[in-house]
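Undergrad: Can you keep this structure in mind? I'll have questions shortly.
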Amino acid sequence: MEVKLQNLKNTILKELAEIKDSQLLADLKNKYLGRKGELNEILKALKDLSDLEKPRIGKLANEIKQELAEVFAQAESAFNPNKQTNFNFDASLPGTKKEIGHLNPSTIVQYEIEEAFLAMGFAVYDGPQLESDYYNFTALNIPADHPARDTQDTFWLEGDNLLRTHTSNLQVRMLEKYGAPFRGIFPGRVFRYESTDASHDHTFYQLEGLMVDKNINIGNLIATMRTLLSSVFKREVDVRLRPGFFPFVEPAFEMDIKCLVCGGQGCSVCKQSGWVELMPCGMVHPKVLEAGGLDPKVYSGFAFGLGLTRMAMMKYRIDDIRLLQSGDLRFLKQF
Ligand code: DAH
């Protein structure tokens, strides 16, 4: 029986080597390995063997059967390379597409603004969102009883701590740390304790800028803002400058842009005025320079606080601020 098995194997291998197409191959496989094939006929006789021979021959028979199955599978895939078998991996099939995440529109705009400022020699800094009363207010010439504190509804924490209400909290921190000359922007998250509507959220993003050196003047401020706006919006944007008031800049300005959502017609984003307050700015107040350890007789500078969230809304014509942090994929997938 052992000899029969070996002979069968040799015959099969010999015939297989001469096969020219897949149909003949299938026929051959059926003839020898099929249910009624010759191999099975031989195996049927196993039961008649002595108990001593049965395990040895049985093992050999199985090995031969398996070996032949593999040889046939290889031959099949050689005739038909696109057919998936256990022994054949087709690397040319398209893979399953992995979904990748999307940047939030505010982040996209943030990166663009960073690029524009990096090109102008500014560096990008980060700082604490959990802040002390000192850096958020006092160091910025906003003393405890100053009415300007009322304009910023604050999330107070224990002690004299708070969630920063603006990125201006980094102005004095940066001057203390790096001194002058200084050129930096600080994008980041800020918090206001206020009720939400289409244009207000309790959490949003600002981008603060600060430049301090000898002989910095309003001309430097305006030129920097112009360069920024045209690089972000990729076109000329209508702007207007109004006098403003912020205790940490003197003089202070409000830079508005014509609402890009409605084109100046009036909508919920611009509160029907056609204009959107985009960028308060001004010349750094001498007291702030002093708090940062600089002599205001030697140094001057400008600062601005850009509403990053609002800028993203303008750029992408988003008419409800709450969408930005909704986590709604139907919204986020559009960017
Ligand atoms: N921190 C102010 C706010 O959140 C915005 C601001 C105004 C920043 C004037 C400035 C500035 O740097 O010069 O309302």
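The values are calculated or read from the model by the stated rules, or taken from the named source; none is laboratory data. The structure presented is a predicted model; accordingly, all values stated were derived computationally and were not measured. Note that each Cβ is placed from the backbone with ideal geometry, even for glycine, and that neighbours are counted across all protein chains shown. Each accessible area value is taken on the protein alone, full model and side chains, heavy atoms only, with ligands, DNA and RNA left out. Shrake-Rupley method; radii C 1.70, N 1.55, O 1.52, S 1.80 Å.
Undergrad: Could you please find all residues in the range 211-232 being hydrophobic (A, V, I, L, M, F, W, C) and farther than 18 Å from residue 286 by Cα? Let's see the steps before the verdict.
TA: Initial filter on the range 211-232 (hydrophobic (A, V, I, L, M, F, W, C)): 211-212, 216, 218, 221-223, 225, 228-229, 232.
Those that are hydrophobic (A, V, I, L, M, F, W, C) and farther than 18 Å from residue 286 by Cα: 222, 223, 225, 228, 229, 232.
Undergrad: Look at residue 195 and say whether it is away from the ligand (no atom under 16 Å from the Cβ) and within 22 Å of residue 149 (Cβ to Cβ). Spell out how you get there, then give the answer.
TA: Numbers: away from the ligand (no atom under 16 Å from the Cβ): yes; within 22 Å of residue 149 (Cβ to Cβ): yes.
Against the criterion (away from the ligand (no atom under 16 Å from the Cβ) and within 22 Å of residue 149 (Cβ to Cβ)), residue 195 qualifies.
Undergrad: Looking only at the range 289-335, which residues are more than 19 Å from residue 250 (Cβ to Cβ), in contact (Cβ under 8 Å) with a residue 12 or more places away in the chain and of a type in the set (Phe, Trp, Tyr)?
TA: 316, 335
Undergrad: Within the range 218-230, is there a residue that is assigned by TED's automatic domain parsing to the domain that holds residue 319 and in a loop (DSSP other than H, G, I, E, B)?
TA: Within the range 218-230 (the criterion being assigned by TED's automatic domain parsing to the domain that holds residue 319 and in a loop (DSSP other than H, G, I, E, B)), the answer is no, since none of the residues qualifies.
Undergrad: Of the residues 134, 125, only one is closer than 15 Å to residue 188 by Cα and open to solvent by 30 Å² or more (accessible area, probe 1.4 Å); which?
TA: Only one candidate passes the filter, namely 125.
Undergrad: On to the next question. What are the residues in the range 286-323 that are open to solvent by 20 Å² or more (accessible area, probe 1.4 Å), assigned to a helix (DSSP H, G or I), closer than 21 Å to residue 207 by Cα and away from the ligand (no atom under 16 Å from the Cβ), if any?
TA: Residues satisfying the conditions are 315, 316, 322, 323.
Undergrad: Also, quick follow-up: Could you list all residues from the range 142-192 that are part of a strand (DSSP E or B) and either among the small types (Gly, Ala, Ser) or within 16 Å of the ligand (Cβ to nearest atom) (or both)?
TA: The first filter runs over the range 142-192 and keeps only residues part of a strand (DSSP E or B), leaving 156, 161-163, 182-191.
Scanning the range 142-192 gives 162, 163, 182, 183, 184, 185, 186, 187, 188, 189, 190, 191.
So that you can scan it fast, the table gives a plain yes or no per residue for (1) within 16 Å of the ligand (Cβ to nearest atom); (2) open to solvent by 60 Å² or more (accessible area, probe 1.4 Å); (3) within 35 Å of the chain's Cα centre (by Cα):
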| residue | (1), (2), (3) |
| --- | --- |
| 215 | no, yes, no |
| 227 | no, yes, yes |
| 242 | yes, yes, no |
| 250 | yes, yes, no |
| 261 | no, no, yes |
| 272 | no, yes, yes |
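Undergrad: Could you tell me which of the residues 65, 14, 20 is closer than 26 Å to residue 79 by Cα and surrounded by 14 or more Cβ atoms within 10 Å (Cβ to Cβ)? Working first, answer last.
TA: On the way: 14 fails: surrounded by 14 or more Cβ atoms within 10 Å (Cβ to Cβ); 20 fails: surrounded by 14 or more Cβ atoms within 10 Å (Cβ to Cβ).
When all the criteria are applied, what remains is 65.
Undergrad: Given the conditions (1) within 11 Å of the ligand (Cβ to nearest atom); (2) among the aliphatic types (A, V, I, L, M); (3) open to solvent by less than 10 Å² (accessible area, probe 1.4 Å), which single one is not true for residue 283?
TA: Every condition holds for residue 283 apart from (3).
Undergrad: So, in the range 23-40, exactly how many residues are surrounded by 12 or more Cβ atoms within 10 Å (Cβ to Cβ) and more than 15 Å from residue 69 (Cα to Cα)?
TA: 1
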